Amino acid sequence: MLSTYGPVLRLPGVARLYLVGFVARMPASMVGVVLTLHVVTTLDRGYAQAGLVAGAATVGAAIGAPWRGRLVDRVGLRRAIAPSIVVESAVWLTAPHLGYEALIAASFVAGLFLVPVFSVTRQSLSVLVPFPLQRSAFALDSVCVELTFMLAPVLGVVLATQVSTTAALTVVGCITVAAGVLLMWANPPTRSQVPTQAGAPATEVVRTRLLTPPLLVVLLAGLAASFVLVGTDVALVAALNEVDRAGDVGWMIALWAGGSVVGGLVYGASKRAVPPLVLVAVLGLATVPAAFAPAPLWLALAVVLAGLPCAPALSAINATLVSLVEEGRRGEVMGWSGTMSTVGNALGAPVVGFVIDRTHPGAGFLAAGVVGGGVALGGLATLRLTRRRRAGRAADAPALVDA
């Protein structure tokens, strides 16, 4: 693997970009659990009300992601995220002292102005890394994301439970501001001197329309992947609560993320690219065995299996997205990708939760895998049908000319 990732990390600016991205993603990875604990323990509200606060932030992020990505494309990174730093600092430094209703509004504003660190990191990778190495670069980025989501929520829980939720939210605010400032300081490039990637297929680089059918299908793959992931998360918590093993949630999630790290590293080091829809379908299929795990030990093995395709699927989605649009519009496309992931998260939790409430936790894994995998298979069928129609029109063209 050193022979694969070494050339990527030795490229100018890439190692620093990974480090900056890892640190800058920390607040986004911990804010959900901290907000939930703050609403439930400090504001003495229920989990449903805590969900409304998190949902407000999610809606704000879904609306704001394409807009902020478009802003990065038009005015550059520093000018685009400067307002985010100001707004985010105001929101998160006052949030610990707000009442419940005001916190809902503040969370929406925070989501709307969220620093686009996820999309900017991937957009910059598409500039800094030549096309033949991009699959490995995006795989390594997905691994970094998994590591962030393994560590940041734990830090948030420790601060919220051992100090206070007020202190935890204040730390989230401080890290958010620091992340924005760090990103401005690093100022990773979002556009190269030459508008296309060397070696990229000519048919995948420049398109006059942004939301083309192939691009929409890949965005749909992102929604399906997010549905599977959040559904698996909900089902895992429910399955462990069912057998009075709620204390095992932390290390089970760590095993799940560990499987994703291994899968991402192996996929990035492989020589063959796999279409993202195929990987999302595999992700859905790999989740199904957890539905039939008879004991926690077997569930642990099943979540490792479920984790293996996670990072490969996400990295393939990102690598394909940047190849389908011209460089000047990648920020907007990455924003739409974030919106689709947010929609997948917003759909996955209630749908899987509904299934669990009316059956049992194992059915939650089955629902996540079947729905997410089914969406991916539907996307594959759509692509195949589109290609057949194009081939048919191309075959008819000479006859029309001869006539």
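The values are calculated or read from the model by the stated rules, or taken from the named source; none is laboratory data. As the structure is a computational prediction, the values presented were derived from the model and not from experiment. Here the Cβ positions follow ideal geometry from the backbone for every residue, glycine too, while neighbour counts run over all protein chains shown. Please note that ligands, DNA and RNA were not included when accessible areas were found on the heavy atoms of the full protein model with its side chains. Shrake-Rupley method; radii C 1.70, N 1.55, O 1.52, S 1.80 Å.
Each residue in the stretch 281-298 was checked for being part of a loop (DSSP other than H, G, I, E, B) and under 17 Å from VAL230 (Cβ atoms), and 0 pass. Out of GLY60, GLY64, GLY51, one residue alone is assigned to a helix (DSSP H, G or I) and more than 20 Å from SER119 (Cα to Cα). It is GLY51. Of the conditions (1) surrounded by 23 or more Cβ atoms within 10 Å (Cβ to Cβ); (2) modelled with pLDDT under 85, SER192 satisfies every one except a single condition; which number is it? If we test SER192 against (1) surrounded by 23 or more Cβ atoms within 10 Å (Cβ to Cβ); (2) modelled with pLDDT under 85, just (1) comes out false. Of note, TRP336 does not satisfy the criterion of being without any contact (Cβ under 8 Å) to a residue 12 or more places away in the chain, hydrophobic (A, V, I, L, M, F, W, C) and in a helix (DSSP H, G or I). Considering the conditions (1) free of Cβ contacts under 8 Å to residues at least 60 places away in the same chain; (2) open to solvent by less than 50 Å² (accessible area, probe 1.4 Å); (3) within 20 Å of the chain's Cα centre (by Cα); (4) closer than 27 Å to THR161 by Cβ, GLY46 is excluded by exactly one of them, (3). Of all the residues in the stretch 236-278, those that are crowded, with 24+ Cβ neighbours inside 10 Å and farther than 13 Å from PRO296 by Cα number 8. Counting residues in the stretch 290-302 that are farther than 28 Å from PHE131 by Cα, open to solvent by less than 20 Å² (accessible area, probe 1.4 Å) and under 21 Å from the mean Cα position of the chain (by Cα) gives zero.
Beta carbons closer than 7 Å, at least 6 apart along the sequence or on distinct chains, pair a first residue in the stretch 280-299 that is farther than 29 Å from ALA381 by Cα with a second that is of a type in the set (A, V, I, L, M, F, W, C) and assigned to a loop (DSSP other than H, G, I, E, B) for PRO296/VAL243; LEU299/ALA293.
Residue by residue, here is whether (1) small (Gly, Ala, Ser); (2) closer than 23 Å to LEU114 by Cα; (3) buried (at least 24 other Cβ atoms within 10 Å of the Cβ) holds:
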residue: LEU308; (1), (2), (3): no, no, no
residue: SER315; (1), (2), (3): yes, yes, yes
residue: GLY331; (1), (2), (3): yes, yes, yes
residue: GLY335; (1), (2), (3): yes, yes, yes
residue: THR339; (1), (2), (3): no, yes, no
residue: ALA349; (1), (2), (3): yes, yes, no
residue: GLY353; (1), (2), (3): yes, no, no
residue: ARG358; (1), (2), (3): no, no, no
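Quick check on the stretch 171-189. Is at least one of its residues among the hydroxyl-bearing types (Ser, Thr, Tyr), part of a helix (DSSP H, G or I) and open to solvent by 50 Å² or more (accessible area, probe 1.4 Å)? No; the residues of the stretch 171-189 include none that is among the hydroxyl-bearing types (Ser, Thr, Tyr), part of a helix (DSSP H, G or I) and open to solvent by 50 Å² or more (accessible area, probe 1.4 Å). Looking across ASN318, ASN345, one residue alone is under 27 Å from ASP244 (Cα atoms), among the polar types (S, T, N, Q) and assigned to a helix (DSSP H, G or I). It is ASN345. Of all residues in the stretch 317-329, those being in contact with a Ser or Thr (Cβ under 7 Å, 6 or more places away or on another chain) and open to solvent by 50 Å² or more (accessible area, probe 1.4 Å) number 0. Based on what the data block shows, is ARG25 within 20 Å of the chain's Cα centre (by Cα), buried (at least 19 other Cβ atoms within 10 Å of the Cβ), in contact (Cβ under 8 Å) with a residue 24 or more places away in the chain and closer than 22 Å to VAL158 by Cα? Criteria met by ARG25. Checking each residue in the stretch 87-122 for being among the β-branched types (Val, Ile, Thr) and assigned to a loop (DSSP other than H, G, I, E, B) picks out only VAL115.
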